[in-house]
Amino acid sequence: MAPDHGQGLGTFAYDDEGVPAQCTDIIKDGKFRGYLSNRETAHLVGLDRSSGTMRTESWNRLPIIRMTNVSLLPGTWDYGDLIADTQDGILMETNRSWSIDDRRYQFQFSTEIGWEIKSGKKVRMLKNPSYSGITTEFWNSCDAPRRAFCMSAIFAASLKRSFVSPNPPARRRQKFTWTKSRAP
Amino acid sequence: MDEVAGALTRFANNAIHQNVAEHGLTVSIRTVADGRTARATTNRLDEDSLRAAIEASLSLGHSQPKDPLLLPMPRRQRYRRVNRFVKRTAKFSAEERARAVRLVSDLALKKGQVAAGIYSTGQSQSALGNSRGLFAAYCETHAEFSITMQEAPAASWAKANSSDVRAFDPQKLAARASEKAHLAVNARELAPGRYPVILEPAAVLDLVGFLFYDFAATALEDKRSCLNERMGKQLFGPNISISDDVYHPLQQGAPFDGEGFPRQQVLLVDRGVPRNLVYSRAAAKASRKPPTGHGFALPNEYGEAPMNLVFDGGDTSIRGLLVTRLWYIREVDPYEKVMTGMTRDGLFLVENGKVTGAVRNFRFNQSLIEMLKTVELLGPAVRATGEESFEMVVPPMKVCDFHFSEVTKF
């Protein structure tokens, strides 16, 4: 949650309980830090106040706790250096489908386009590559976070018309499963 | 004009935590002027507000480009009668919902489980008329019960809906979910691979629901249907026949479409061969076919879709790897209709005709076209409700060769 990181699609000043928007660490230095909360549940998770994430879809709907702007903070690598440093990998761009289990472990995302990386260079183009894995293993395999932010906005299917803004810089992961939909 | 009066009781941790009710009426007005059309909607019913909505629609229309394909509004039509207004459902009270939830919560407590879910009842009516004399009206009641039963670390689920609140029994649904949750506690891990599966109706529904927008004539015209180049060919197994039939006793919905045109019964798939599409008036004219009464309200970009699907069923008692339901189903390849998603709320190994234990949930990557070629057995068709698709009448299916690509941790 990052209102002080600039405008995002999910930015607001106060949530639907009137609690000011805040920046809440969810993961910090690789460790789980805390839950999103509202005025009713903050004390249940050991907080002194609500994290200001109680949101409603419409004037005639009860608010629930939902994510707002979910951001991965950037690292130190330049995009070109990420590629140049990779001996054998795949670069994927533009997600086009998303699926994850109901406890958010096993996921599969498909993308529009990819490229094989060999000895630090983009070579063969790939069509509709997908990648899958177990969430905790996936994020634990990240070894090179990119310096700059990539601002992007998606409509999360589970939120229907609510807005969120996931802001993930490009990252490299050492080992995970990818499948090729078909070669161009 | 649409009026909805509904009530919802939500429960979690074996207790009701919300009981809400809503009554609303919206008036949606479409205008046509000089070959341009637009629509404005309001829920204010005073004369000034209705006039303002008309003016808003005309103003929006003025900003639209002329549509050379825009047809005159249809004239007066005749409709088949359907009766889906059940007084018992309309009168179902909050106390009755609460009593039912109390009974399922008591069951959960007795079994050391945790119940969560919803129980909703209500009624709706809609009326559609135009300045050329068309008038259509429809009303129905609706009731739905959904329950998730948890017994750590497992869970299971059951859901039903109908226009008649007496058509399902929340206690029976809860008992079924409770039994499966208990059975799923000690799930073992199987290796990913191809397995014969038995898909319960909810699992069938949420998968095949991704197929039916492909039967829209506009989708084929736009070349975004998996049926492009495949109509009239043996695409599925000969035991697969599907129709769109709003008059089926297990279906719901109005007998007219978004323009007030009467809904026709359409045989979409005949013994595995896609035979017919559905057509809005505009798509019908472009294709020189008769309209089938499946158009969406104008203006829209999609044209039409079948909304009352009925699969032919069978009468077999089925054995295999039992799938309760599927989750987070998304399209990987739109032309081969490869879908991905997860099993959820109970995946059981069936050996020698008996459930022998639970297994950990899998991710699947499966072409629906290939799946419907390898349906070995069909059970009786029932009204199914899920989470990814609108309700349909579908059978449980045994599929010979279902592709589970990866396993998760629970």
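Rule-based calculations on the coordinates, nothing more; no lab input. Note that the coordinates shown come from a computational prediction; the quantities given were computed from them, not determined experimentally. Cβ placement follows ideal geometry from the backbone for every residue including glycine, while neighbour counts extend to all protein chains displayed.
Loop-only check: which GluC sites (Glu not before Pro) in segment B:325-355 are DSSP coil with at most 15 other Cβ within 10 angstrom? Intermediate values should be presented prior to the final figure.
Working: sites: B:Glu331, B:Glu336, B:Glu351; in loops: B:Glu336.
Passing both the DSSP loop test and the Cβ count: B:Glu336.
For segment B:329-410, the orientation-averaged shadow of the C-alpha convex hull comes to 6.3 nm² (one quarter of the hull surface). Shape analysis of segment A:81-140 places it in the oblate category; the axes a ≥ b ≥ c from the Cα gyration tensor give an a/c of at least 1.5, with a/b not above b/c.
Are there GluC sites (Glu not before Pro) in segment B:245-324 that DSSP puts in a loop and that have at most 12 other Cβ atoms within 10 Å, and which ones? Walk me through the intermediate numbers first.
Values: sites: B:Glu259, B:Glu301, B:Glu304; in loops: B:Glu259, B:Glu301.
Here the GluC sites (Glu not before Pro) that fit, given the DSSP loop and packing criteria, are B:Glu301.
Just to be sure I follow: if Rg is taken over the C-alpha atoms of the protein assembly as shown and Rh is the Kirkwood radius over the same atoms, what is Rg/Rh? Provide the component values of the computation, followed by the final result.
On the way: Rg = 25.8 Å, Rh = 26.8 Å.
The Rg/Rh ratio comes out at 0.96.
Neighbours of B:Gln123, meaning other residues whose beta-carbon lies under 14 angstrom from its beta-carbon, give a summed charge of -2 when Lys and Arg score +1 and Asp and Glu score -1. Judged by the gyration tensor of its Cα atoms, with axes a ≥ b ≥ c, segment B:1-90 is prolate; a/c meets the 1.5 cut and a/b is the larger of a/b and b/c. Net charge dipole, segment B:170-279: roughly 440 debye, given to the nearest 20, about the Cα centre with Cβ charges of +1 for Lys and Arg and -1 for Asp and Glu.
Counting pairwise Cα distances across segment B:263-410, what percent come out greater than 18 angstrom? That tail contains 67 percent of the Cα-Cα pairs.
Compute for chain B: radius of gyration divided by Kirkwood radius, i.e. Rg/Rh, restricted to C-alpha atoms, rounded to two decimals. Write down the numbers at each step before the final one.
Numbers: Rg = 23.1 Å, Rh = 23.1 Å.
Checking Rg against Rh, the ratio lands at 1.00.
On alpha carbon coordinates alone, what is the Rg over Rh value for segment B:220-285, Rh being the Kirkwood radius? Display every interim value, and only then the final one.
On the way: Rg = 13.4 Å, Rh = 13.3 Å.
Across segment B:220-285, the Cα-based Rg/Rh ratio is 1.01.
Relative to the longest principal axis of the Cα atoms of chain B, the long axis of helix B:47-62 lies at roughly 90 degrees. Across peptide B:339-348, the average count of Cβ atoms from other chains found within 10 Å of a residue's Cβ is 3. Placing +1 on each Lys and Arg Cβ and -1 on each Asp and Glu Cβ, with no other charges, gives chain B a dipole about its Cα centre of roughly 620 debye.
Efficiency by 1/(1 + (r/R0)^6): what FRET value for B:Asn19 and B:Phe410, r their Cβ-Cβ distance, R0 = 51 Å, to the nearest 0.05? Don't jump to the answer; show the numbers that get you there.
Numbers: r = 32 Å, r/R0 = 0.62.
Step by step, r from the Cβ atoms, then E = 0.95.
Taking 7 Å steps out from each Cα toward its Cβ at B:Lys87 and A:Cys23 produces label points 6.4 nm apart.
Pair-distance distribution of segment A:1-124: all C-alpha pairs, bin width 10 Å, starting at 0; shares per bin in whole percent are 11, 27, 32, 19, 10, 1. Taking Cα atoms only, the orientation of helix B:94-111 departs from the longest principal axis of chain B by about 20 degrees.
In deg cm²/dmol, rounded to 500, what helix-only [θ] at 222 nm does chain B give when every DSSP H run of at least 4 residues adds -39500 (n - 2.57) and the total is split over its residues?
On the way: 8 runs with 76 residues, N = 410.
After summing the helix terms and dividing by the residues of chain B, the value is -5500 deg cm²/dmol.
Between A:Asp88 and B:Arg188, the modelled label-to-label distance comes to 3.6 nm, taking each label 7 Å out from Cα in the direction of the beta carbon. A straight chain from B:Leu58 to B:Arg230 at 0.36 nm per residue would run longer than the Cα-Cα distance by 57.7 nm.
Remark: relative contact order (chain B) = 16 percent; criterion is Cα-Cα distance under 8 angstrom and separation of 6 or more residues. For segment A:61-82, backbone nitrogen atoms closer than 14 Å to the point 7 Å from B:Asn43 Cα along Cα-to-C-beta are found at A:61-62.
Listed here are the pairs B:Lys373/B:Lys398; B:Lys66/B:Lys285; B:Lys110/B:Lys354; B:Lys180/B:Lys409; which of them are more than 22 Å apart at the Cα? Let's see the in-between values first.
Details: B:Lys373/B:Lys398 11 Å; B:Lys66/B:Lys285 18 Å; B:Lys110/B:Lys354 26 Å; B:Lys180/B:Lys409 18 Å.
Beyond 22 Å: B:Lys110/B:Lys354.
Mean separation of Cα pairs under 8 Å and 6 or more residues apart, divided by the residue count, gives segment B:298-365 a relative contact order of 26 percent. When you restrict to C-alpha pairs under 8 Å that are six or more residues apart and normalise by the size of segment B:184-268, the relative contact order lands at 18 percent.
Rounding to the nearest 20 debye, state how big the charge dipole of the protein assembly as shown is about its Cα centre with +1 on each Lys and Arg Cβ and -1 on each Asp and Glu Cβ. Mind dumping the intermediate values first?
Details: 78 positive and 66 negative charges, 159 e Å.
Value, rounded to 20: 760 debye.
Annotation for B:Glu221 and B:Arg51: the two label points, set 7 Å from Cα along the Cα-Cβ direction, are 3.8 nm apart. Residues in segment B:214-234, backbone N under 19 Å from the label point at B:Leu69 (7 Å along the Cα-to-beta-carbon vector): list them, ranges by number please. What the label zone holds, given the 19 Å backbone N cut-off, is B:214-229. Semi-axis lengths, largest first, of the ellipsoid equivalent to segment B:220-350 are 29, 18, 17 Å, with √(5λ) applied to each eigenvalue of the Cα gyration tensor. Within the listed set B:Asp164, B:Asp46, B:Asp270, the residue fluctuating most in the Gaussian network model of chain B (springs between alpha-carbon atoms under 10 angstrom) is B:Asp46. Note on segment A:49-97: Cα-Cα pairs beyond 13 Å make up 76% of the total pair count.
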